[in-house]
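The values are calculated or read from the model by the stated rules, or taken from the named source; none is laboratory data. Owing to the predicted nature of the structure, the values given are computational and were not obtained by experimental measurement. Methodologically, a virtual Cβ is constructed for each residue, glycine included, from the backbone with ideal geometry; neighbour enumeration extends over all protein chains shown.
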Amino acid sequence: MAVNYDENTKTISINTQNTTYQMKIGPYGVLLHNYYGERISGEDMSYLFRYEDIGFSPAMGDAGMNRTVSLDTMPQEMPSFNVGDYRAEGIRVQHGDGSYALDLRYVSHEIMDGKYCLEGLPAMYADGTGEPGASEGNVVKEDFGKGKGRSRGKAETLKIVLKDRVKEFFVTLLYGVYEELDIITRACLIENREEETAVMDKAVSMSIDFLTADMDIYTFNGRHTMEREAERRRLGKGVTSIGSLRGTSSHQHNPFVILCEPETGEEHGGCYGFAYVYSGNFLAEVECSQMEMLRFTMGIHPSRFKVLLEKGRVFTMPEVIMTYSGKGLGRLSSQLHRAMREYLCRGKFKSGRRPILINNWEATYFDFNGEKLISIAEEAAKLGIEMLVMDDGWFGKRDFDESGLGDWFPNEEKLGMSLHELIERVKEKGISFGIWMEPEMVNEDSRLYKEHPDWAFALPGREPGRGRCQLVLDLGRECVREYVYQAICSILDTGDITYVKWDMNRSISDVYNRDLPPEQQGEAGHRYVLGLYELLERITSKYPDVLLEGCSGGGGRFDAGMLYYSPQIWCSDDTDAIERLKIQYGTSFGYPISAVGSHVSACPNHQNGRITPLHTRGTVAMAGTFGYELDISKMTEEDKKEVKKQIEDYKKYSDLIQEGEYYRLAKPEEIFMAWQFVSDEKDRSLVNVVMTSARANSPGCIVKLKGLEPGSDYREDETGKVYSGSSLMHGGYLLPKEMGEYQSYQIYFERV
Ligand code: GLA
């Protein structure tokens, strides 16, 4: 068993292959956080903590005159509130008698085989089958081990029940333990069993109190067309936080955080990763306290959040995926990649090669008809492309972005044919058909809005703000979800549609749910996210053969929650190969490469006007689910030859790219960016390098490889030259002399 309880020391230890996570039922029944890090032998780690009166940190009520036990200094597993702990709050609650208090004490625990599910929320699963429909309530699923696939790690669930010292108010902590993967998930259930309703206006899914605060934080920040730029900074005293109030996880701050020791690098040092399996407003807080301890919490953003907990109501908090690596950031990413790829993504497309697609957005924008798409499909098929995706503009009245959203009827007049005919004619060219939809939105200039103006978010008596000239349909309401579900089904039932790009093109504002009474409006934002998940669950269950690609103006909702429904997400609307290097680099810390939607687009690039070689655009798009987004009929014969070659290469490398070990070999500030894929067997490897600045009379550029077998020999595909694994890793590979801007190289090795 990975989870053990030691009756003598009252410690609960979770041991994965390389890590230990330990808690202790401490003085007065407070559940203490003892330790998280490198695997240890199992002794009670509470010897690291000193009980003393530090002044101005009140003792717990039931400790009487014992001055040494203060919740302000104790390392807790879930923080208490208004009973003497002044650090970042966890669950904030006001009981029916008006008192603000939460004083959590241990009641019981249970260790079970299998992985818990969270009602209505995405979460990692354990059986490996990845079938949609797994979330059937907050239950433990015991039928693991039946799936096909590579690693079939078992999972265990640890459930710890905590109760307020006075009130019948319970918090159940859930831990999902993947021993083989060094992954622990956390979530919690909050329940009021008092007669009177309690009001909760802040809730976290997890909290950890580390005993030392000497850490750096990595956050992944940005804006539209520049998402997830990795930023590392030193944590100082006080609170450091990131979050989103945009209704989505956002372009601005991704719900993924790394804490690491100051000396941690790619291959050495301790680091912790926390990925929120949630797609709405969130808050991640780190507080370095007066005693130089560090509290990390992750939860739903408390702004505009208020939940009425009537007697018996259980509120389920979303899951956080946690991992620790004592061998640097590379290992940390690899652990998360595997966990998300194999135990979070689901359905037919979670593994195996995804179709190479061509999307008409940057080729035509709104200006196309059916014949134009068929001609793109014809050219694309000749080059080996496998799917045409018809992007925005095919429905309702939509020749620009000010109208049409919500009217999911094909515009046959514009297309010049029915959707069914278009699908069939594209298929005749030898490629499959995919479609773009933006189901969560409505334009005021649409039939839907005329019929149901009240379905869009708007505050009473106020005109709602438009984003990209559109309003947001309140998916928190059943009537709205039902319409959207039927609309999507009617499109998907039109013909052989094998892919949907599910877009969401604005931040949400004016949140107000018309079905809820005034006192429950604090749930409106969360209910939207739950509604979205319910809708996605219904669609993915009904159409298991359809590949879903998530999108929100590129990567505005690139999070672990969405990966449960869509195994790939359009990474950014910035398709410039050079800026993409930074975006994809940042994304790679927390998310698998198989999730990164990436395309080759035209030059000069439509977002920043940069010109890059076609080969380089191909190299960069091959660090993801490969595709094209340009007018192929405008390409020269020479370029078409290059495209054909890229497609052949991608087919050859795709298993390495999607499921191999991924290594970052350089940082954005260097003169080149480099990354590498290595097969599980270490017998094949693909090294990718993009020069980001050209220099005259340049000194030799050497890139050191990773992950090879030191004692094996590897042959470089193009030159036939043989190197030993150890020389490539310790000496490195000498790149050709750079010439011209933004050259790139793909160097492929096979073990001899
Ligand atoms: C968003 C997407 C783009 C494209 C447009 C269409 O911006 O990220 O890829 O689909 O919408 O309107």
Note on segment 705-718: residues surrounded by fewer than 17 Cβ atoms within 10 Å (Cβ to Cβ), out of contact with any helix residue (DSSP H, G or I) (no Cβ under 6 Å at 6 or more places or on another chain) and in a loop (DSSP other than H, G, I, E, B) are G711, D717, E718
Of the residues in segment 607-629 that are of a type in the set (A, V, I, L, M) and either touching a Lys or Arg at 6+ places or on another chain (Cβ under 9 Å) or exposed (fewer than 13 other Cβ atoms within 10 Å of the Cβ) (or both), the one that is nearest to G554 (Cα to Cα) is A621
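Residue-wise test of (1) buried (at least 23 other Cβ atoms within 10 Å of the Cβ); (2) at pLDDT below 95; (3) of a type outside the set (A, V, I, L, M, F, W, C); (4) not assigned by TED's automatic domain parsing to the domain that holds L422.
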position	(1), (2), (3), (4)
Q470	yes, no, yes, no
Q486	no, no, yes, no
S490	no, no, yes, no
K501	yes, no, yes, no
C551	yes, no, no, yes
The lone condition K644 fails out of (1) assigned by TED's automatic domain parsing to the domain that holds M622; (2) surrounded by 21 or more Cβ atoms within 10 Å (Cβ to Cβ) is (2)
Can you confirm whether E110 is acidic (D, E) and over 33 Å from the mean Cα position of the chain (by Cα)? no
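Residue by residue, here is whether (1) within 16 Å of the ligand (Cβ to nearest atom); (2) touching a residue at least 12 places away in the same chain (Cβ under 8 Å) holds:
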position	(1), (2)
A456	no, yes
G461	no, no
W502	yes, yes
P517	no, no
G553	yes, yes
R557	yes, yes
M562	yes, yes
| said: Please determine whether any residue of segment 554-571 is under 30 Å from E534 (Cβ atoms) and out of contact with any strand residue (DSSP E or B) (no Cβ under 8 Å at 6 or more places or on another chain). | reply: no
Considering every residue within segment 383-392, establish whether at least one is more than 12 Å from the ligand (Cβ to nearest atom), more than 22 Å from P439 (Cα to Cα), surrounded by fewer than 19 Cβ atoms within 10 Å (Cβ to Cβ) and not assigned by TED's automatic domain parsing to the domain that holds Y116. yes
Condition set of a type in the set (S, T, N, Q) and modelled with pLDDT of 95 or more, scope segment 315-361, selection farthest from L705 (Cα to Cα): answer is T316
Expected single match for touching a Lys or Arg at 6+ places or on another chain (Cβ under 9 Å), under 14 Å from Y628 (Cβ atoms) and of a type outside the set (V, I, T) among L357, L383, L329 is L383
Just a yes or no: is a residue in segment 404-425 under 33 Å from the mean Cα position of the chain (by Cα), within 13 Å of the ligand (Cβ to nearest atom) and at pLDDT 95 or above?
yes
- Query: Right, I376: within 16 Å of the ligand (Cβ to nearest atom) and either more than 30 Å from A203 (Cα to Cα) or assigned by TED's automatic domain parsing to the domain that holds I184 (or both) or not?
  - Reply: yes
